[in-house]
Amino acid sequence: MAYDMHASKISWEQHGDGCTVVQDGIKIDSVKQKPKPKWFNNILEANGTTPLSKINKITKEKSLKCNVYMKLEYFNVGGSLEDRAAIRMIEVAEQNGLKKGDTVIAPVSGNSAVGIALVCAVKGYK
């Protein structure tokens, strides 16, 4: 089930091993917090560790009574949000028979192409 902006009730429940989004009483997403390792076996393992940074100056200047954070996507492996999608696409291809040494052809450009090329280089695909 995908997020529905017209849902009558959406809540965020935090618990010991992560958090859950509940939409009209139906659990739609569950995220388990991963411990952050001190080092990675390869650069792709850094995926999902994009940091958040608190925005202090603007919230103070505008007298906002809440915390505002920005997600630093440029810290992703290839510097883009599309890196996450590229990793997942190759993982799905592997589950469907892609083997080391195979050639990957992707009809994409821009950040998506960079992400796929990066994943293929690390995993040994052409």
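Read the figures in this text as sums done on the coordinates, not as results from a lab. What you are looking at is a predicted structure, and each value in this text was computed from that prediction instead of being measured. With ideal geometry, Cβ positions are generated from the backbone for all residues, glycine too; neighbour counts draw on all protein chains shown.
Full extension of the segment from Lys9 to Leu81, taken as 0.36 nm per residue of separation minus the current Cα-Cα distance, would add 23.1 nm. Distance between the pseudo-spin-label points of Ile58 and Ala46 (7 Å out from Cα toward the beta carbon): 2.5 nm. For the pair Ile26 and Asn96, what calculated FRET efficiency results from E = 1/(1 + (r/R0)^6), where r is the Cβ-Cβ distance and R0 = 35 Å, to the nearest 0.05? With R0 = 35 Å, the Cβ-Cβ based efficiency is 0.75. Would you work out if region 34-123 is rounded, prolate or oblate? Take a ≥ b ≥ c from the square roots of the eigenvalues of the alpha-carbon gyration tensor; rounded if a/c is under 1.5, else prolate when a/b is larger than b/c, oblate otherwise. Prolate, since a/c reaches 1.5 and a/b exceeds b/c. For the cross-link pairs Lys38/Lys99; Lys54/Lys123; Lys9/Lys54, the ones whose C-alpha atoms lie over 31 Å apart are Lys54/Lys123.
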